[in-house]
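The values are calculated or read from the model by the stated rules, or taken from the named source; none is laboratory data. Since we're looking at a predicted model, the values are computed, not measured. No Cβ is skipped: glycine too gets one built from the backbone with ideal geometry, and neighbour counts run over all protein chains shown. Keep in mind that these areas ignore ligands, DNA and RNA; they rest on the heavy atoms of the full protein, side chains included. Shrake-Rupley method; radii C 1.70, N 1.55, O 1.52, S 1.80 Å.
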Amino acid sequence: MTEFNNGALLWCVPLIYVLACMPVALGAGIFRTWVVAEGAALAALAIALAAAVLQALSNSHIDKLGLAMLMLVSLLGWVVIRYSRRYLNGEEGQKRYVLAMLLTLASIGVVVVTNNLGVLVLAWIASSITLHHLLTFYRDRPAAVVVAHKKFIASRLAEVCLLAALALIYRETGTLEFQGISHHVQSANALSAALNTAMALVVLAVILKSAQLPVHGWLIQVMEAPTPVSALLHAGIVNLGGFLLIRLADVLSVSPTAQTLLVVVGSLSAVLAGLVMMTRISIKVRLAWSTCAQMGFMLLECGLGLYELAFLHLVAHSLYKAYAFLAAGEAVLDSRRRAFYPSEAGRSPATRAVMRLLCVPFAIVLLAGSLAVWKIGLPGLTIAPVAILIVGLGLAPLLWRADGWGMGTVRGVIAILVLGQFYIAGHLVFGALVNTPVVSAPLPLILWAGSCLLSLYLLQVWLLAFPNGQFSKAFYPWAYAGFYLDAHFTRLTFRLWPISLPAVLLRPPYSTAALLSEKS
(Lines give C-alpha, C1' and ligand atoms only; values in the text may rest on other atoms or scores of the structure.)
Protein backbone atom coordinates (compact mmCIF):
# COMPACT_ATOMS: atom_id res chain seq x y z
CA MET A 1 0.00 0.00 0.00
CA THR A 2 1.50 3.31 -1.03
CA GLU A 3 1.36 6.56 0.82
CA PHE A 4 -0.86 8.08 -1.90
CA ASN A 5 -3.46 5.35 -1.62
CA ASN A 6 -3.60 5.66 2.14
CA GLY A 7 -4.02 9.42 1.83
CA ALA A 8 -6.75 8.95 -0.76
CA LEU A 9 -8.48 6.50 1.57
CA LEU A 10 -8.68 9.15 4.29
CA TRP A 11 -10.31 11.59 1.89
CA CYS A 12 -13.06 9.04 1.24
CA VAL A 13 -14.51 9.77 4.68
CA PRO A 14 -15.61 13.39 4.05
CA LEU A 15 -16.61 12.36 0.51
CA ILE A 16 -18.99 9.73 1.90
CA TYR A 17 -20.73 12.31 4.07
CA VAL A 18 -21.16 14.62 1.07
CA LEU A 19 -22.52 11.84 -1.15
CA ALA A 20 -24.98 10.85 1.57
CA CYS A 21 -26.50 14.34 1.33
CA MET A 22 -27.63 13.74 -2.24
CA PRO A 23 -30.56 11.32 -1.65
CA VAL A 24 -31.64 13.41 1.34
CA ALA A 25 -31.64 16.60 -0.70
CA LEU A 26 -33.44 14.89 -3.59
CA GLY A 27 -36.50 14.10 -1.50
CA ALA A 28 -35.92 10.85 0.35
CA GLY A 29 -38.44 10.01 3.06
CA ILE A 30 -37.69 10.32 6.77
CA PHE A 31 -36.98 6.61 7.21
CA ARG A 32 -34.67 6.44 4.19
CA THR A 33 -32.97 9.68 5.25
CA TRP A 34 -31.93 8.19 8.58
CA VAL A 35 -30.91 4.89 6.98
CA VAL A 36 -28.64 6.75 4.54
CA ALA A 37 -27.18 8.92 7.32
CA GLU A 38 -26.46 5.96 9.61
CA GLY A 39 -25.03 3.97 6.71
CA ALA A 40 -22.72 6.82 5.75
CA ALA A 41 -21.54 7.27 9.34
CA LEU A 42 -20.87 3.54 9.71
CA ALA A 43 -19.03 3.43 6.36
CA ALA A 44 -16.90 6.43 7.40
CA LEU A 45 -15.97 4.69 10.65
CA ALA A 46 -15.12 1.47 8.79
CA ILE A 47 -12.88 3.34 6.34
CA ALA A 48 -11.06 5.13 9.16
CA LEU A 49 -10.47 1.81 10.95
CA ALA A 50 -9.36 0.17 7.69
CA ALA A 51 -6.84 2.98 7.12
CA ALA A 52 -5.49 2.41 10.63
CA VAL A 53 -5.09 -1.33 9.96
CA LEU A 54 -3.37 -0.68 6.63
CA GLN A 55 -1.05 1.79 8.33
CA ALA A 56 -0.13 -0.81 10.95
CA LEU A 57 0.52 -3.52 8.33
CA SER A 58 2.40 -1.41 5.78
CA ASN A 59 5.50 0.75 5.73
CA SER A 60 3.69 3.84 4.48
CA HIS A 61 4.15 7.22 6.13
CA ILE A 62 0.53 8.27 6.40
CA ASP A 63 -0.40 11.29 8.50
CA LYS A 64 -0.80 9.59 11.88
CA LEU A 65 -2.19 12.66 13.62
CA GLY A 66 -4.86 13.15 10.96
CA LEU A 67 -5.70 9.44 10.99
CA ALA A 68 -6.15 9.40 14.76
CA MET A 69 -8.40 12.47 14.62
CA LEU A 70 -10.36 11.00 11.72
CA MET A 71 -11.04 7.83 13.72
CA LEU A 72 -12.24 9.95 16.64
CA VAL A 73 -14.49 12.14 14.46
CA SER A 74 -15.93 9.11 12.63
CA LEU A 75 -16.74 7.39 15.91
CA LEU A 76 -18.39 10.49 17.34
CA GLY A 77 -20.34 11.05 14.11
CA TRP A 78 -21.69 7.50 14.10
CA VAL A 79 -22.74 7.67 17.76
CA VAL A 80 -24.32 11.12 17.43
CA ILE A 81 -26.32 10.23 14.30
CA ARG A 82 -27.66 7.02 15.88
CA TYR A 83 -28.63 8.92 19.02
CA SER A 84 -30.21 11.74 16.95
CA ARG A 85 -32.56 9.35 15.19
CA ARG A 86 -34.20 8.38 18.48
CA TYR A 87 -33.92 11.83 20.01
CA LEU A 88 -35.71 13.59 17.12
CA ASN A 89 -38.37 10.95 16.54
CA GLY A 90 -41.59 12.80 15.71
CA GLU A 91 -39.92 16.22 15.37
CA GLU A 92 -40.35 18.44 12.35
CA GLY A 93 -37.34 19.37 10.22
CA GLN A 94 -35.50 16.07 10.56
CA LYS A 95 -34.25 16.13 6.96
CA ARG A 96 -32.90 19.65 7.47
CA TYR A 97 -31.13 18.40 10.60
CA VAL A 98 -29.59 15.41 8.82
CA LEU A 99 -28.31 17.54 5.94
CA ALA A 100 -26.66 20.01 8.33
CA MET A 101 -25.20 17.18 10.41
CA LEU A 102 -23.71 15.37 7.40
CA LEU A 103 -22.22 18.56 5.99
CA THR A 104 -20.78 19.44 9.40
CA LEU A 105 -19.14 16.02 9.69
CA ALA A 106 -17.82 16.32 6.13
CA SER A 107 -16.27 19.72 6.92
CA ILE A 108 -14.66 18.40 10.10
CA GLY A 109 -13.33 15.44 8.12
CA VAL A 110 -11.62 17.79 5.69
CA VAL A 111 -10.14 19.78 8.60
CA VAL A 112 -8.44 16.71 10.07
CA VAL A 113 -7.15 15.05 6.86
CA THR A 114 -5.87 18.00 4.84
CA ASN A 115 -2.21 18.92 4.77
CA ASN A 116 -2.90 22.46 3.59
CA LEU A 117 -3.53 25.27 6.06
CA GLY A 118 -5.71 27.17 3.59
CA VAL A 119 -7.99 24.18 2.99
CA LEU A 120 -8.16 23.60 6.74
CA VAL A 121 -9.29 27.16 7.39
CA LEU A 122 -11.94 27.04 4.64
CA ALA A 123 -13.26 23.71 5.94
CA TRP A 124 -13.31 25.09 9.50
CA ILE A 125 -15.37 28.05 8.26
CA ALA A 126 -17.75 25.67 6.49
CA SER A 127 -18.20 23.60 9.67
CA SER A 128 -19.06 26.76 11.59
CA ILE A 129 -21.71 27.76 9.05
CA THR A 130 -23.34 24.32 8.97
CA LEU A 131 -23.18 24.13 12.77
CA HIS A 132 -25.16 27.38 12.89
CA HIS A 133 -28.08 25.57 11.25
CA LEU A 134 -27.88 22.81 13.86
CA LEU A 135 -27.81 25.30 16.73
CA THR A 136 -30.93 27.01 15.35
CA PHE A 137 -32.79 23.76 14.70
CA TYR A 138 -35.60 24.94 17.00
CA ARG A 139 -36.33 28.18 15.18
CA ASP A 140 -39.31 28.98 17.41
CA ARG A 141 -37.06 29.27 20.49
CA PRO A 142 -35.76 32.83 20.83
CA ALA A 143 -32.86 31.85 23.11
CA ALA A 144 -31.52 29.48 20.47
CA VAL A 145 -31.67 32.16 17.78
CA VAL A 146 -30.09 34.87 19.96
CA VAL A 147 -27.18 32.75 21.20
CA ALA A 148 -26.51 31.25 17.75
CA HIS A 149 -26.28 34.81 16.44
CA LYS A 150 -23.76 35.63 19.16
CA LYS A 151 -21.72 32.54 18.29
CA PHE A 152 -21.94 33.47 14.60
CA ILE A 153 -20.32 36.84 15.33
CA ALA A 154 -17.52 35.29 17.42
CA SER A 155 -16.80 32.79 14.64
CA ARG A 156 -16.64 35.48 11.97
CA LEU A 157 -14.18 37.50 14.06
CA ALA A 158 -12.05 34.39 14.45
CA GLU A 159 -12.12 33.76 10.72
CA VAL A 160 -10.94 37.30 9.98
CA CYS A 161 -7.93 36.55 12.18
CA LEU A 162 -7.34 33.25 10.39
CA LEU A 163 -7.52 34.77 6.91
CA ALA A 164 -5.11 37.52 7.92
CA ALA A 165 -2.75 34.88 9.32
CA LEU A 166 -2.98 32.93 6.05
CA ALA A 167 -1.95 35.99 4.08
CA LEU A 168 1.06 36.64 6.33
CA ILE A 169 2.18 33.00 6.30
CA TYR A 170 1.90 32.66 2.51
CA ARG A 171 3.72 35.95 1.91
CA GLU A 172 6.54 34.87 4.20
CA THR A 173 6.91 31.18 3.28
CA GLY A 174 5.41 30.96 -0.23
CA THR A 175 3.33 27.91 0.74
CA LEU A 176 0.40 26.87 2.90
CA GLU A 177 1.41 23.19 3.15
CA PHE A 178 2.19 22.26 6.74
CA GLN A 179 5.40 20.51 5.77
CA GLY A 180 6.55 23.50 3.73
CA ILE A 181 5.81 25.91 6.59
CA SER A 182 7.70 23.69 9.06
CA HIS A 183 10.67 23.38 6.69
CA HIS A 184 10.82 27.17 6.26
CA VAL A 185 10.78 27.75 10.04
CA GLN A 186 13.42 25.08 10.71
CA SER A 187 15.75 26.49 8.05
CA ALA A 188 15.47 30.07 9.33
CA ASN A 189 17.72 31.39 12.06
CA ALA A 190 14.85 33.08 13.90
CA LEU A 191 11.12 33.50 13.50
CA SER A 192 10.29 36.58 11.46
CA ALA A 193 8.01 39.31 12.76
CA ALA A 194 5.42 38.42 10.11
CA LEU A 195 5.22 34.76 11.22
CA ASN A 196 5.18 35.77 14.87
CA THR A 197 2.24 38.06 14.13
CA ALA A 198 0.54 35.31 12.11
CA MET A 199 0.80 32.87 15.02
CA ALA A 200 -0.60 35.48 17.39
CA LEU A 201 -3.59 35.87 15.03
CA VAL A 202 -4.03 32.09 14.89
CA VAL A 203 -4.03 31.96 18.68
CA LEU A 204 -6.64 34.75 18.86
CA ALA A 205 -8.81 32.80 16.43
CA VAL A 206 -8.43 29.64 18.52
CA ILE A 207 -9.36 31.57 21.66
CA LEU A 208 -12.55 32.81 19.99
CA LYS A 209 -13.51 29.42 18.60
CA SER A 210 -12.57 27.52 21.77
CA ALA A 211 -14.83 29.69 23.96
CA GLN A 212 -12.10 31.10 26.17
CA LEU A 213 -12.75 33.92 28.60
CA PRO A 214 -13.96 36.60 28.07
CA VAL A 215 -15.51 35.43 24.75
CA HIS A 216 -16.96 32.22 26.20
CA GLY A 217 -20.60 33.19 26.58
CA TRP A 218 -21.88 31.61 23.36
CA LEU A 219 -20.74 28.15 24.45
CA ILE A 220 -22.30 28.46 27.90
CA GLN A 221 -25.63 29.81 26.69
CA VAL A 222 -26.23 27.59 23.65
CA MET A 223 -28.44 25.11 25.51
CA GLU A 224 -31.56 25.21 23.34
CA ALA A 225 -29.97 23.07 20.62
CA PRO A 226 -30.78 19.33 20.54
CA THR A 227 -28.65 17.32 22.97
CA PRO A 228 -26.78 15.40 20.22
CA VAL A 229 -25.76 18.74 18.71
CA SER A 230 -24.38 19.78 22.10
CA ALA A 231 -22.48 16.49 22.26
CA LEU A 232 -20.93 17.07 18.81
CA LEU A 233 -20.09 20.69 19.63
CA HIS A 234 -18.44 20.00 22.97
CA ALA A 235 -16.82 16.68 22.03
CA GLY A 236 -15.68 17.52 18.51
CA ILE A 237 -15.96 20.97 17.00
CA VAL A 238 -14.68 23.02 19.93
CA ASN A 239 -11.54 20.83 20.03
CA LEU A 240 -10.46 21.81 16.51
CA GLY A 241 -8.54 24.81 17.83
CA GLY A 242 -6.25 22.54 19.82
CA PHE A 243 -5.80 20.32 16.78
CA LEU A 244 -4.72 23.31 14.65
CA LEU A 245 -2.19 24.37 17.29
CA ILE A 246 -0.67 20.87 17.28
CA ARG A 247 -0.50 21.00 13.48
CA LEU A 248 1.45 24.27 13.73
CA ALA A 249 3.64 23.11 16.63
CA ASP A 250 6.89 23.78 14.76
CA VAL A 251 5.96 27.45 14.37
CA LEU A 252 4.23 27.82 17.72
CA SER A 253 7.26 26.47 19.59
CA VAL A 254 9.39 29.43 18.43
CA SER A 255 6.73 32.14 18.77
CA PRO A 256 6.98 33.66 22.27
CA THR A 257 4.00 35.96 21.69
CA ALA A 258 1.71 33.08 20.78
CA GLN A 259 2.99 30.92 23.64
CA THR A 260 2.41 33.68 26.17
CA LEU A 261 -1.13 34.32 24.91
CA LEU A 262 -1.96 30.63 25.16
CA VAL A 263 -0.58 30.18 28.65
CA VAL A 264 -2.10 33.35 30.12
CA VAL A 265 -5.55 33.09 28.53
CA GLY A 266 -5.72 29.29 28.87
CA SER A 267 -4.74 29.24 32.54
CA LEU A 268 -7.10 32.09 33.50
CA SER A 269 -9.96 30.46 31.60
CA ALA A 270 -9.29 27.11 33.28
CA VAL A 271 -9.23 28.66 36.75
CA LEU A 272 -12.26 30.93 36.40
CA ALA A 273 -14.42 28.44 34.49
CA GLY A 274 -13.52 25.70 36.96
CA LEU A 275 -14.66 27.89 39.84
CA VAL A 276 -17.88 28.95 38.10
CA MET A 277 -18.72 25.30 37.38
CA MET A 278 -18.82 24.64 41.14
CA THR A 279 -21.80 27.01 41.49
CA ARG A 280 -23.97 25.44 38.78
CA ILE A 281 -26.83 22.99 39.21
CA SER A 282 -28.08 22.58 35.63
CA ILE A 283 -26.40 19.50 34.14
CA LYS A 284 -25.82 20.90 30.64
CA VAL A 285 -24.64 24.28 31.95
CA ARG A 286 -22.13 22.56 34.26
CA LEU A 287 -20.88 20.53 31.32
CA ALA A 288 -20.55 23.69 29.22
CA TRP A 289 -18.45 25.42 31.88
CA SER A 290 -16.43 22.22 32.17
CA THR A 291 -15.72 22.35 28.44
CA CYS A 292 -14.58 25.97 28.74
CA ALA A 293 -12.19 24.98 31.54
CA GLN A 294 -10.89 21.91 29.70
CA MET A 295 -10.21 23.94 26.57
CA GLY A 296 -8.25 26.33 28.77
CA PHE A 297 -6.15 23.44 30.06
CA MET A 298 -5.57 22.25 26.49
CA LEU A 299 -4.41 25.67 25.28
CA LEU A 300 -2.20 25.96 28.35
CA GLU A 301 -0.58 22.62 27.50
CA CYS A 302 0.06 23.75 23.92
CA GLY A 303 1.57 26.99 25.16
CA LEU A 304 3.94 25.04 27.40
CA GLY A 305 4.99 22.78 24.52
CA LEU A 306 3.25 19.69 25.98
CA TYR A 307 1.74 18.71 22.65
CA GLU A 308 1.45 14.98 23.35
CA LEU A 309 -0.39 15.75 26.60
CA ALA A 310 -2.63 18.22 24.76
CA PHE A 311 -3.58 15.59 22.16
CA LEU A 312 -4.16 12.95 24.83
CA HIS A 313 -6.32 15.51 26.63
CA LEU A 314 -8.19 16.26 23.40
CA VAL A 315 -9.08 12.61 22.76
CA ALA A 316 -10.00 11.86 26.37
CA HIS A 317 -12.12 15.00 26.68
CA SER A 318 -13.93 14.26 23.41
CA LEU A 319 -14.91 10.76 24.47
CA TYR A 320 -15.90 11.80 27.98
CA LYS A 321 -17.90 14.86 26.95
CA ALA A 322 -19.81 12.95 24.25
CA TYR A 323 -20.79 10.37 26.85
CA ALA A 324 -21.61 13.03 29.46
CA PHE A 325 -24.05 14.88 27.18
CA LEU A 326 -25.71 11.81 25.71
CA ALA A 327 -26.06 10.22 29.17
CA ALA A 328 -27.06 13.44 30.95
CA GLY A 329 -30.40 11.89 31.87
CA GLU A 330 -28.64 9.48 34.23
CA ALA A 331 -27.33 12.33 36.41
CA VAL A 332 -30.33 12.08 38.73
CA LEU A 333 -29.70 8.39 39.34
CA ASP A 334 -26.03 9.14 39.98
CA SER A 335 -26.92 11.79 42.56
CA ARG A 336 -29.17 9.29 44.33
CA ARG A 337 -26.33 6.79 44.49
CA ARG A 338 -24.03 9.43 45.96
CA ALA A 339 -26.57 10.07 48.71
CA PHE A 340 -25.63 6.67 50.14
CA TYR A 341 -21.93 7.55 50.41
CA PRO A 342 -20.68 8.11 53.96
CA SER A 343 -20.63 11.74 55.01
CA GLU A 344 -17.70 13.76 56.27
CA ALA A 345 -19.59 15.16 59.23
CA GLY A 346 -17.25 13.49 61.70
CA ARG A 347 -14.27 15.67 60.78
CA SER A 348 -13.77 19.40 61.11
CA PRO A 349 -13.57 21.58 57.97
CA ALA A 350 -9.93 22.38 58.71
CA THR A 351 -9.10 18.68 58.92
CA ARG A 352 -10.80 18.00 55.59
CA ALA A 353 -8.93 20.89 53.97
CA VAL A 354 -5.55 19.74 55.25
CA MET A 355 -6.17 16.16 54.14
CA ARG A 356 -7.12 17.30 50.66
CA LEU A 357 -4.05 19.51 50.42
CA LEU A 358 -1.88 16.52 51.31
CA CYS A 359 -3.42 14.59 48.43
CA VAL A 360 -1.49 16.69 45.88
CA PRO A 361 2.08 15.74 46.86
CA PHE A 362 0.90 12.18 47.47
CA ALA A 363 -0.53 11.92 43.92
CA ILE A 364 2.62 13.49 42.43
CA VAL A 365 4.82 11.01 44.31
CA LEU A 366 2.72 8.12 42.99
CA LEU A 367 3.05 9.42 39.41
CA ALA A 368 6.80 10.00 39.80
CA GLY A 369 7.18 6.48 41.17
CA SER A 370 5.28 5.03 38.22
CA LEU A 371 7.51 7.00 35.84
CA ALA A 372 10.63 5.68 37.59
CA VAL A 373 9.41 2.11 37.08
CA TRP A 374 8.81 2.75 33.37
CA LYS A 375 12.32 4.21 33.03
CA ILE A 376 13.80 0.85 34.05
CA GLY A 377 12.66 -0.61 30.74
CA LEU A 378 12.75 2.66 28.78
CA PRO A 379 15.76 4.68 29.97
CA GLY A 380 15.13 7.42 27.42
CA LEU A 381 11.59 8.13 28.61
CA THR A 382 11.20 11.72 29.79
CA ILE A 383 8.12 13.65 30.90
CA ALA A 384 8.29 17.33 31.76
CA PRO A 385 7.85 18.06 35.50
CA VAL A 386 5.09 20.56 34.73
CA ALA A 387 3.17 17.76 32.99
CA ILE A 388 3.48 15.62 36.14
CA LEU A 389 2.16 18.57 38.16
CA ILE A 390 -0.83 19.05 35.85
CA VAL A 391 -1.74 15.36 35.86
CA GLY A 392 -1.11 15.08 39.61
CA LEU A 393 -3.49 17.96 40.35
CA GLY A 394 -6.08 16.32 38.14
CA LEU A 395 -5.81 12.94 39.87
CA ALA A 396 -5.50 14.18 43.48
CA PRO A 397 -9.31 14.44 44.00
CA LEU A 398 -9.47 10.66 43.63
CA LEU A 399 -8.07 10.58 47.17
CA TRP A 400 -10.89 12.78 48.52
CA ARG A 401 -12.66 9.99 50.33
CA ALA A 402 -15.11 10.23 53.17
CA ASP A 403 -13.55 7.50 55.31
CA GLY A 404 -10.31 9.33 56.07
CA TRP A 405 -7.32 7.18 55.21
CA GLY A 406 -9.35 3.97 55.08
CA MET A 407 -10.41 1.73 52.19
CA GLY A 408 -11.68 4.68 50.19
CA THR A 409 -8.18 6.10 50.09
CA VAL A 410 -6.77 2.70 49.17
CA ARG A 411 -9.12 2.61 46.20
CA GLY A 412 -8.00 6.13 45.32
CA VAL A 413 -4.33 5.11 45.41
CA ILE A 414 -5.05 2.13 43.18
CA ALA A 415 -6.99 4.37 40.79
CA ILE A 416 -4.10 6.86 40.58
CA LEU A 417 -1.58 4.07 39.98
CA VAL A 418 -3.72 2.57 37.22
CA LEU A 419 -4.47 5.90 35.58
CA GLY A 420 -0.81 6.83 35.91
CA GLN A 421 0.14 3.80 33.82
CA PHE A 422 -2.45 4.80 31.23
CA TYR A 423 -1.07 8.35 31.17
CA ILE A 424 2.54 7.24 30.68
CA ALA A 425 1.50 4.76 27.99
CA GLY A 426 -0.60 7.50 26.38
CA HIS A 427 2.40 9.82 26.52
CA LEU A 428 4.37 7.32 24.45
CA VAL A 429 1.56 6.56 21.99
CA PHE A 430 0.37 10.11 21.46
CA GLY A 431 3.92 11.40 21.37
CA ALA A 432 4.50 9.11 18.37
CA LEU A 433 1.27 10.32 16.75
CA VAL A 434 1.93 14.01 17.27
CA ASN A 435 5.66 13.84 16.41
CA THR A 436 6.24 17.43 17.49
CA PRO A 437 9.49 19.05 18.60
CA VAL A 438 10.56 18.63 22.22
CA VAL A 439 10.74 22.14 23.62
CA SER A 440 11.17 23.64 27.06
CA ALA A 441 8.80 26.47 27.86
CA PRO A 442 10.26 29.66 29.38
CA LEU A 443 10.50 29.50 33.17
CA PRO A 444 8.17 32.51 33.76
CA LEU A 445 5.39 30.77 31.81
CA ILE A 446 5.90 27.54 33.77
CA LEU A 447 5.78 29.44 37.08
CA TRP A 448 2.64 31.31 35.97
CA ALA A 449 0.89 28.11 34.91
CA GLY A 450 1.87 26.27 38.07
CA SER A 451 0.71 29.10 40.32
CA CYS A 452 -2.65 29.33 38.51
CA LEU A 453 -3.33 25.60 38.75
CA LEU A 454 -2.31 25.45 42.40
CA SER A 455 -4.53 28.47 43.12
CA LEU A 456 -7.48 26.71 41.51
CA TYR A 457 -6.90 23.62 43.62
CA LEU A 458 -6.53 25.65 46.84
CA LEU A 459 -9.68 27.66 46.15
CA GLN A 460 -11.68 24.51 45.44
CA VAL A 461 -10.45 22.91 48.66
CA TRP A 462 -11.29 26.03 50.67
CA LEU A 463 -14.77 26.48 49.16
CA LEU A 464 -15.67 22.84 49.74
CA ALA A 465 -14.33 22.84 53.29
CA PHE A 466 -15.93 26.15 54.32
CA PRO A 467 -19.07 26.53 52.15
CA ASN A 468 -20.76 28.81 54.70
CA GLY A 469 -17.72 30.96 55.48
CA GLN A 470 -17.55 34.68 54.80
CA PHE A 471 -15.27 34.26 51.81
CA SER A 472 -17.54 31.66 50.22
CA LYS A 473 -20.63 33.81 50.73
CA ALA A 474 -18.91 36.81 49.14
CA PHE A 475 -17.37 34.74 46.36
CA TYR A 476 -20.48 32.79 45.32
CA PRO A 477 -22.48 35.63 43.64
CA TRP A 478 -19.45 36.60 41.55
CA ALA A 479 -18.73 33.03 40.50
CA TYR A 480 -22.40 32.31 39.76
CA ALA A 481 -22.48 35.37 37.48
CA GLY A 482 -19.38 34.17 35.65
CA PHE A 483 -17.49 37.14 37.12
CA TYR A 484 -19.58 39.31 34.73
CA LEU A 485 -16.99 38.79 32.00
CA ASP A 486 -19.50 37.89 29.31
CA ALA A 487 -21.69 40.96 29.79
CA HIS A 488 -19.27 43.36 28.09
CA PHE A 489 -18.62 41.03 25.16
CA THR A 490 -22.36 40.49 24.71
CA ARG A 491 -23.02 44.23 24.49
CA LEU A 492 -20.17 44.63 22.02
CA THR A 493 -21.36 41.83 19.73
CA PHE A 494 -24.89 43.17 19.49
CA ARG A 495 -23.61 46.65 18.78
CA LEU A 496 -21.46 45.32 15.96
CA TRP A 497 -24.24 43.21 14.46
CA PRO A 498 -27.71 43.73 15.99
CA ILE A 499 -30.21 40.89 15.78
CA SER A 500 -33.83 41.35 14.82
CA LEU A 501 -36.16 38.62 16.08
CA PRO A 502 -39.66 38.08 14.71
CA ALA A 503 -42.26 39.62 16.98
CA VAL A 504 -43.80 36.20 17.66
CA LEU A 505 -40.56 35.09 19.33
CA LEU A 506 -40.39 38.03 21.72
CA ARG A 507 -43.36 37.19 23.93
CA PRO A 508 -43.39 38.92 27.32
CA PRO A 509 -41.70 38.74 29.74
CA TYR A 510 -38.70 37.84 27.57
CA SER A 511 -36.01 40.17 26.28
CA THR A 512 -32.65 39.48 24.69
CA ALA A 513 -30.81 40.10 27.97
CA ALA A 514 -33.22 37.91 29.93
CA LEU A 515 -32.93 35.07 27.43
CA LEU A 516 -29.12 35.10 27.70
CA SER A 517 -29.09 35.29 31.49
CA GLU A 518 -31.42 32.32 31.79
CA LYS A 519 -29.03 30.10 29.85
CA SER A 520 -25.75 31.07 31.52
Original post:
Does Leu245 satisfy being touching a Cys at 6+ places or on another chain (Cβ under 7 Å) and surrounded by fewer than 24 Cβ atoms within 10 Å (Cβ to Cβ)?
Top reply: no
Original post:
Just one of the numbered conditions (1) more than 17 Å from the chain's Cα centre (by Cα); (2) more than 26 Å from Tyr323 (Cβ to Cβ); (3) crowded, with 24+ Cβ neighbours inside 10 Å is not true of Pro256; which one?
Top reply: (3)
**OP:** Report yes if Leu213 is outside any helix (DSSP H, G or I) and within 25 Å of the chain's Cα centre (by Cα), otherwise no.
**Re:** yes
Original post:
Do the conditions hold for Pro437, that is, is it outside any helix (DSSP H, G or I), under 30 Å from Lys64 (Cβ atoms) and either aromatic (Phe, Trp, Tyr) or at pLDDT below 80 (or both)?
Top reply: yes
Original post:
Mind checking which pairs have a first residue in segment 306-329 that is within 16 Å of Ala249 (Cβ to Cβ) and a second that is open to solvent by 10 Å² or more (accessible area, probe 1.4 Å) and of a type in the set (A, V, I, L, M), Cβ under 6 Å, 6 or more apart or different chains?
Top reply: Tyr307/Val434; Glu308/Val434; Phe311/Val434
**OP:** Name the one entry in Ala25, Ala56 that is of a type in the set (Gly, Ala, Ser), modelled with pLDDT under 90 and touching a helix residue (DSSP H, G or I) at 6+ places or on another chain (Cβ under 8 Å).
**Re:** Ala25
Original post:
What number goes with the only condition from (1) modelled with pLDDT of 85 or more; (2) in contact with a helix residue (DSSP H, G or I) (Cβ under 9 Å, 6 or more places away or on another chain) that Ala193 does not pass?
Top reply: (2)
Subject >> From the options Leu492, Leu501, Leu515, Leu505, residue that is open to solvent by 80 Å² or more (accessible area, probe 1.4 Å), under 15 Å from His149 (Cα atoms) and at pLDDT below 85 >> reply: Leu492
**OP:** Search segment 477-505 for residues that are closer than 20 Å to Ser155 by Cα and acidic (Asp, Glu) and pair each with any residue that is surrounded by 10 or more Cβ atoms within 10 Å (Cβ to Cβ) and modelled with pLDDT of 75 or more when their beta-carbon atoms are under 7 Å apart and the residues are at least 6 apart or on different chains.
**Re:** Asp486/Pro214; Asp486/His216; Asp486/Gly217
**OP:** For segment 198-215, indicate whether the set of residues that are open to solvent by less than 30 Å² (accessible area, probe 1.4 Å) and either free of Cβ contacts under 8 Å to residues at least 24 places away in the same chain or acidic (Asp, Glu) (or both) is non-empty.
**Re:** no
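Here's the yes/no breakdown for (1) of a type in the set (A, V, I, L, M); (2) open to solvent by less than 30 Å² (accessible area, probe 1.4 Å); (3) at positive phi:
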site: Ser267; (1), (2), (3): no, yes, no
site: Gly274; (1), (2), (3): no, yes, no
site: Gln294; (1), (2), (3): no, no, no
site: His313; (1), (2), (3): no, no, no
site: Ser318; (1), (2), (3): no, yes, no
site: Ala322; (1), (2), (3): yes, yes, no
Original post:
What number of residues within segment 27-51 are farther than 13 Å from Tyr17 by Cβ and open to solvent by 30 Å² or more (accessible area, probe 1.4 Å)?
Top reply: 9
**OP:** Sort out which residues of segment 369-394 are assigned to a helix (DSSP H, G or I) and open to solvent by less than 50 Å² (accessible area, probe 1.4 Å), and write them in order of number.
**Re:** Gly369, Ser370, Leu371, Val386, Ala387, Ile388, Leu389, Ile390, Val391, Gly392, Leu393
Original post:
Somewhere in segment 377-396, is a residue at pLDDT 85 or above, farther than 29 Å from Leu245 by Cβ and either in contact with a strand residue (DSSP E or B) (Cβ under 7 Å, 6 or more places away or on another chain) or not charged (D, E, K, R) (or both)?
Top reply: yes
**OP:** Inspect segment 73-87 for any residue being without any contact (Cβ under 8 Å) to a residue 24 or more places away in the chain and either open to solvent by 30 Å² or more (accessible area, probe 1.4 Å) or not aliphatic (A, V, I, L, M) (or both) and give the result as yes or no.
**Re:** yes
Original post:
If His184 satisfies every condition in (1) of a type outside the set (Val, Ile, Thr); (2) touching a residue at least 60 places away in the same chain (Cβ under 8 Å); (3) touching a Gly at 6+ places or on another chain (Cβ under 9 Å) but one, which is the exception?
Top reply: (2)
Original post:
How many residues does segment 455-481 contain that are surrounded by 14 or more Cβ atoms within 10 Å (Cβ to Cβ) and within 20 Å of Leu299 (Cα to Cα)?
Top reply: 2
**OP:** Residues being of a type in the set (A, V, I, L, M) and free of Cβ contacts under 8 Å to residues at least 24 places away in the same chain: count how many of those fall in segment 231-290.
**Re:** 2
